[in-house]
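Let me begin by presenting the structure, written as structure tokens, before commenting on it.
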Amino acid sequence: MALVPALTLSGCAALSPVIPTKPPAPGLGLLRKAGKDYPSLAPLLRRVTPAVVNVAVEAVVPIEEHPFLSDPDFRRFMERFGMPLPEEGDTEHRQSVGSGVIVDAERGFILTNRHLLEGATDIEVTLRDRRSYPATLLGSDLRTDLAVLKIPATNITPLPLGDSDDLEVGDFVIAIGNPFGLGQTVTSGIVSAVSRTGIGDSELGELVQTDASINPGNSGGPLVNLAGEVVGINTALIGPTGGNVGIGFAVPSNRARAALERVLRRR
């Protein structure tokens, strides 16, 4: 998950994309629980949350130089007590967690964020029913910070990619993901802005802004509309302390669909 300035940026041959474009079934039951007379999103969430996965990544990454290491007095202190100092080119093992969404159940394709998988040596995907699978990185797309994973799972639920061009400010949306590694979590809000540009890395292009709570670990999870369609892939937040302040960003689903097609064409 990417931060500004804290912008936080919250993997077979000749495969052709087969991407569902309609909800899996009509009548998602958005407003009423059985036998109750008050509105609830629970019927919708029972349908869509099985398609959202947790992504755990083991990675080998370059060690970021700490500013203290440029202080000669600090270096002498470390050396005096025999404490190792990282050298240029040194690496470290790192664990990170994020989210993803199943977009093709037949082939086990999952969309997630590219930045989550940098340096990945091992990727594990856990479904909502707690089944876990090793994942293969099929490819990534720098322009959208998206990546495609494949898992060898059966009996899984996909979510359709909706038309993000239909989004308007004020539309209700739901963010689903794995914030701070807590496990699957649902938050809701509205679309705060569309076609937002100049956020973090300019290569990210136009993004959907939302006040649905997005935190580190939500990276790669879906932003869902009330028809049960993915309208964005959560990718960044603005939070001075690294947490949510009501300003999160998602890659629009139409750009995500194009990224998925680009990745599969390169296979």
>> Let me check against my output: what whole-number percent is the relative contact order of region 129-212, with C-alpha pairs under 8 Å and at least 6 apart?
In response: 22
> Taking amide hydrogens as modeled 1.01 Å from N in the peptide plane, which residues meet the under 5 Å criterion relative to G205, leaving out close sequence neighbours?
Replying inline: G198
> By per-residue mean of other Cβ atoms within 10 Å, what is the highest-first order of 100-110, 209-219?
Replying inline: 209-219, 100-110
>> Bin width 10 Å, origin at 0, all Cα-Cα pairs of region 137-218: what percent of pairs per bin?
In response: 14, 36, 42, 8, 0
> Arranged from highest to lowest average of other beta-carbon atoms within 10 Å per residue, in what order do the peptides 175-183, 148-156 appear?
Replying inline: 175-183, 148-156
> Taking a quarter of the surface of the Cα convex hull of region 95-191, what do you get in nm²?
Replying inline: 7.1
> For I156, what charge total do you get from the other residues with a beta carbon under 14 Å from its beta carbon, if Lys and Arg give +1 and Asp and Glu give -1?
Replying inline: +3
>> From the phi angles alone, apply the Karplus equation (6.51, -1.76, 1.60; θ = phi - 60°) to region 93-102 and give each ³J(HN,Hα) in whole Hz, x where the residue is Gly or Pro.
In response: 7, 9, 10, 9, 10, x, 9, x, 9, 6
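A short reminder: the numbers here are calculations on the coordinates, not readings from a lab. Computed from a prediction, not measured in an experiment: that's the story for all the values here. Note that each Cβ is placed from the backbone with ideal geometry, even for glycine, and that neighbours are counted across all protein chains shown.
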